[in-house]
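First the structure, in the form of structure tokens, and then the observations on it.
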Amino acid sequence: MPELPEVETIVGDLRRDILGRKITGVRYLTRSVWRKKPPRAVLLLGARVNQISRRGKHILIHLSNEYTLVFHLKMTGRLTYENSSDPRRKHTHLILNLDKGQLRFNDIRRFGYIDLVGVGKLENLDYLEALGPDAMEISKDEFIRLLKSKKRIIKSLLVDQSVLAGLGNIYTDEALHLARIHPRRVSARLSVSKLARLHDAILETLRKALAARGSSVDNYVDGRGAKGSFQEQHLVYGREGKPCRTCGRPIRRLTIGSRSTHYCPECQR
DNA sequence: GACAACCTGACC
DNA sequence: GGTCAGGTTGTC
């Protein structure tokens with residue numbers, strides 16, 4: 001399930017592989033993955049990839065004709081650069097032929113979506129406008145002010161993209177363990193020093209995950225189809241019953257806001 | 001502020 | 001055959 005480090009890894013890979021490439025053909029294999037109607041092919045054909053960026057968990061591919069392709073991978077989406085001769089996987093929904101190779105969007109569960117956004121429309125796109133500050137870019141002061149202003153269970157708050165963009169279930173659990181904060185604590189009631197520690201923990205977790213090219217716990221792969229390795233370093237996520245790497249007591253799992261939450265009852269208070 | 005819905009595959 | 005996985009939207 002791609003969160004900020006996975007999306008950032010894919011963006012980096014695509015920058016290496018498709019920057020400057022020209023779209024020479026489009027194949028719409030599943031029309032319903034488009035957020036709106038699939039665009040007329042003429043809006044894509046002949047355009048070159050000018051720039052690739054990330055907003056929260058969204059991947060933006062900026063084209064030379066000033067249109068932008070927006071992808072959200074949700075849980076099982078993959079966006080990969082492949083050779084035209086590579087066998088097509090099941091659940092491939094879009095293939096863009098490039099002057100060299102192909103960009104393919106694949107998504108088993110079809111929760112993800114693709115959007116094509118016209119000139120100047122990017123800035124007032126509802127689902128991008130709704131995003132809070134980026135988890136990687138927010139300053140410590142701004143972070144503390146933000147969390148102090150909300151009276152919510154910290155776990156639920158951190159996965160809320162309208163509050164802070166980029167964290168999902170994995171990195172929220174990981175960062176809370178690193179900061180030694182119990183996932184049920186209420187944001188506004190945390191001390192300034194604890195919130196400062198949480199800000200540090202989020203940055204450190206994301207930085208390490210990025211260095212390991214993301215967590216492949218489910219079916220996440222990078223822009224070239226390779227798995228990440230951060231799952232091997234997880235402190236709590238997916239480690240229920242296993243010993244805490246700090247104190248040795250078993251990691252526990254509970255449900256907060258209908259999502260499974262992993263934590264150490266000894267280390268996190 | 002909780003929870004069903006969207007989907008498929010893995011697992012029991 | 002039933003449950004679970006969880007990002008986001010939509011509904012209450």
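Laboratory data are not the source of any read-out in this text; all were calculated from the coordinates shown. Computed from a predicted model, the values in this text were never measured in an experiment. Cβ sites come from the backbone with ideal geometry, for glycine too, and all protein chains shown count toward neighbours.
Brief remarks on what is shown
- Taking the Cα centre of the range A:12-139 as origin and assigning +1 to Lys and Arg Cβ atoms and -1 to Asp and Glu Cβ atoms, the resulting dipole is close to 620 debye.
- Helical mean residue ellipticity (222 nm; -39500 (n - 2.57) per DSSP H run of 4+; nearest 500) of chain A: -7000 deg cm²/dmol
- Cα-based radius of gyration of the range A:200-244 once divided by 2.2 N^0.38 Å, which approximates compact folds: 1.22
- Restraint check, A:Lys37/A:Lys57; A:Lys36/A:Lys90; A:Lys57/A:Lys148; A:Lys90/A:Lys208; A:Lys208/A:Lys242; A:Lys36/A:Lys57, Cα-Cα greater than 28 Å: A:Lys90/A:Lys208
- The range A:63-102: proportion of alpha-carbon pairs further apart than 15 angstrom, %: 52
- Loop-located chymotrypsin sites (Phe, Trp or Tyr not before Pro) in the range A:73-150 (DSSP state not H, G, I, E or B) with no more than 16 neighbouring Cβ atoms inside 10 Å: A:Phe111.
- Links that overshoot a 30 Å alpha carbon limit, given the list A:Lys22/A:Lys121; A:Lys151/A:Lys227; A:Lys121/A:Lys151: A:Lys151/A:Lys227; A:Lys121/A:Lys151
- When +1 charges are put on Lys and Arg Cβ atoms and -1 charges on Asp and Glu Cβ atoms, the dipole computed for chain A relative to its Cα centre reaches about 720 debye.
- Convex hull volume of the Cα atoms of chain A, normalised per residue: 124 Å³.
- Under the shape rule built on the C-alpha gyration tensor, where the axes satisfy a ≥ b ≥ c, the range A:1-77 is oblate, since a/c reaches at least 1.5 while a/b does not exceed b/c.
- Taken over the alpha carbons of the range A:1-135 as equal point scatterers, the Debye sum produces base-10 log I(q)/I(0) values at 0.15 Å⁻¹ of -0.68.
- Result for chain A in a Gaussian network model with C-alpha springs under 10 Å: among A:Val119, A:Val49, A:Val217, the largest mean-square fluctuation is at A:Val119.
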